[in-house]
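The next block holds one structure in the form of structure tokens; read it before the comments.
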Amino acid sequence: MRKIWLLIGFCICLAGSQNTSQAQNLSLGFKAGLSFSNFIDDSETGPNGENLEDFQTQTGFHIGILGRYRFYSDLLGVRFGLIYNQRGGRIDYDGPSYFIFNPEDPTYATGMRQEEIRYSNVYLDIPIEGMVFIGRKLEISAGGYVGFLVGSSGTGSMSFSGRSSPSDNPIENFEVFYDFSPLRDDAGLSSYIESTQISVDGIERIAPVEAGTYYEFAEKDGNYFNWLDVGLTGGLTYFLNRGLYFNAQVKYGLSHVVNEPYYISKVSLDENREFISRDGERRNFSLMLSLGFAF
């Protein structure tokens with residue numbers, strides 16, 4: 001992290017210290033456009049090896065400022081910037097699962113879950129890239145980025161049908177609508193935005209109708225998403241004229257974006273009715289299409 005800030009400072013100081021002719025090598029500008037993102041992860045599997053999860057693309061937007069510094073006869077360059085970028089993804093789950101009524105005083109059920117969640121996370125990205133210029137029109141870039149999570153939300157729904165555990169008595173089918181704010185939500189009943197009563201083994205239990213991020217957890221252990229995202233980036237830029245350009249950029253995350261306490265299996269609990277941690281990592285991937293202007 002320190003090296004990245006030092007590199008940004010070096011580039012700015014270098015540009016500011018040049019004479020008038022050399023300063024022409026520095027261009028500043030902005031870009032804005034759409035971001036098409038999803039999560040890279042392995043699906044959970046069912047009893048017959050079938051995939052229970054499907055990861056789909058979520059559309060967002062980005063806007064930011066960029067600086068370019070050209071050198072070596074305008075053949076090479078360095079680019080840096082600050083980008084406000086939405087990325088996330090949609091996760092569908094369909095298969096065997098469990099449900100915990102009131103995690104603070106739990107009653108358990110097993111059955112089938114059908115779930116759809118759309119996450120939209122907002123990052124402030126700092127990209128650092130090297131560039132190669134081909135003629136006056138085309139620019140190829142590659143490097144890395146550091147992203148800081150500044151906002152997060154999620155929407156979706158879950159339907160559940162099953163039986164109480166361990167008595168195996170049937171329970172009423174129910175549905176939960178999601179309104180997630182992972183940076184602000186509390187856990188347990190405090191995460192129930194709206195609730196109802198469902199009979200479980202002849203006892204009325206509180207069940208959410210609308211819920212926040214941590215409605216299945218008795219306690220909150222940090223935020224759902226990691227605040228730092230680090231990855232690789234590369235792209236192509238085509239200049240329509242001296243200032244206006246079109247840019248296509250790919251960002252491939254290297255960081256695990258979900259904090260460990262929440263990266264858990266939805267298939268089952270362990271023999272002590274505790275959450276089972278998943279193996280693997282969930283990472284960000286996004287394609288950015290932009291229009292920009294360089295001064």
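The values are calculated or read from the model by the stated rules, or taken from the named source; none is laboratory data. Note that this is a predicted model, so its numbers are computed, not measured. Cβ coordinates were reconstructed from backbone atoms using ideal geometry, including for glycine residues, and neighbour counts include every protein chain displayed.
Restricting attention to the stretch 206-247, which residues are more than 19 Å from the chain's Cα centre (by Cα), within 19 Å of PHE101 (Cα to Cα) and in a strand (DSSP E or B)?
ILE206, ALA207, PRO208, VAL209, GLU210, ALA211
Any idea which residue in the stretch 248-266 is farthest from the chain's Cα centre (by Cα), counting only those that are surrounded by 16 or more Cβ atoms within 10 Å (Cβ to Cβ) and within 14 Å of SER290 (Cα to Cα)?
Residue satisfying both the conditions and the ranking: GLN249.
Would you be able to say whether some residue in the stretch 37-44 is polar (S, T, N, Q), over 30 Å from SER165 (Cα atoms) and assigned to a strand (DSSP E or B)?
yes
Out of curiosity, is VAL132 part of a strand (DSSP E or B) and within 25 Å of the chain's Cα centre (by Cα)?
It is false that VAL132 is part of a strand (DSSP E or B) and within 25 Å of the chain's Cα centre (by Cα).
Of the residues that sit in the stretch 68-106 and are over 30 Å from VAL267 (Cβ atoms) and β-branched (Val, Ile, Thr), which one is modelled with the highest pLDDT?
Ranking the qualifying residues of the stretch 68-106, first place goes to ILE83.
List the pairs whose first member sits in the stretch 167-183 and is over 14 Å from SER195 (Cβ atoms), whose second member is charged (D, E, K, R) and modelled with pLDDT under 95, and whose Cβ atoms are under 7 Å apart, counting only residues at least 6 apart or on separate chains?
Close Cβ pairs satisfying both conditions: SER167/ASP201; ASN169/ASP201.
Quick test for you: out of SER152, SER164, pick the one residue that is buried (at least 18 other Cβ atoms within 10 Å of the Cβ), touching a residue at least 60 places away in the same chain (Cβ under 8 Å) and not basic (Lys, Arg).
SER152
Out of everything in the stretch 53-102 that is over 26 Å from the mean Cα position of the chain (by Cα) and part of a loop (DSSP other than H, G, I, E, B), what residue ends up being farthest from ARG113 (Cα to Cα)?
Filtering first and then ranking leaves SER73.
Step by step: first the residues of the stretch 101-116, then only those that are of a type outside the set (Ser, Thr, Tyr) and surrounded by 18 or more Cβ atoms within 10 Å (Cβ to Cβ), then the one that is farthest from VAL257 (Cα to Cα). Which residue is that?
Among those that are of a type outside the set (Ser, Thr, Tyr) and surrounded by 18 or more Cβ atoms within 10 Å (Cβ to Cβ), it is ALA109.
Okay, residues lined up against (1) in contact with a Cys (Cβ under 8 Å, 6 or more places away or on another chain); (2) among the hydroxyl-bearing types (Ser, Thr, Tyr); (3) free of Cβ contacts under 8 Å to residues at least 24 places away in the same chain:
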position: ALA109; (1), (2), (3): no, no, no
position: ARG113; (1), (2), (3): no, no, no
position: TYR119; (1), (2), (3): no, yes, no
position: ASP125; (1), (2), (3): no, no, no
position: MET131; (1), (2), (3): no, no, no
position: GLY135; (1), (2), (3): no, no, yes
position: SER141; (1), (2), (3): no, yes, no
position: GLY147; (1), (2), (3): no, no, no
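Any residue in the stretch 272-284 that's farther than 24 Å from PRO103 by Cβ: show its pairings with residues that are among the hydroxyl-bearing types (Ser, Thr, Tyr) at Cβ separation under 7 Å, as long as the two are six or more apart or on different chains.
Close Cβ pairs (under 7 Å, with a partner that is among the hydroxyl-bearing types (Ser, Thr, Tyr)) amount to ARG283/SER255; ASN284/SER37.
Testing LEU183 on (1) over 16 Å from SER152 (Cβ atoms); (2) surrounded by fewer than 18 Cβ atoms within 10 Å (Cβ to Cβ); (3) aliphatic (A, V, I, L, M), one condition comes back false. Which one is that?
The failed condition is (1).
Any idea which residue in the stretch 271-295 is nearest to the chain's Cα centre (by Cα), counting only those that are charged (D, E, K, R) and part of a loop (DSSP other than H, G, I, E, B)?
Only one residue fits best here, namely ARG282.
If ILE193 passes every condition in (1) buried (at least 17 other Cβ atoms within 10 Å of the Cβ); (2) modelled with pLDDT of 95 or more but one, which one does it miss?
(1)
Of the residues MET131, MET158, which single one is hydrophobic (A, V, I, L, M, F, W, C), crowded, with 19+ Cβ neighbours inside 10 Å and closer than 30 Å to ALA207 by Cβ? Show your work before the answer.
Details: MET131 fails: closer than 30 Å to ALA207 by Cβ.
MET158 is the lone residue from the list that is hydrophobic (A, V, I, L, M, F, W, C), crowded, with 19+ Cβ neighbours inside 10 Å and closer than 30 Å to ALA207 by Cβ.
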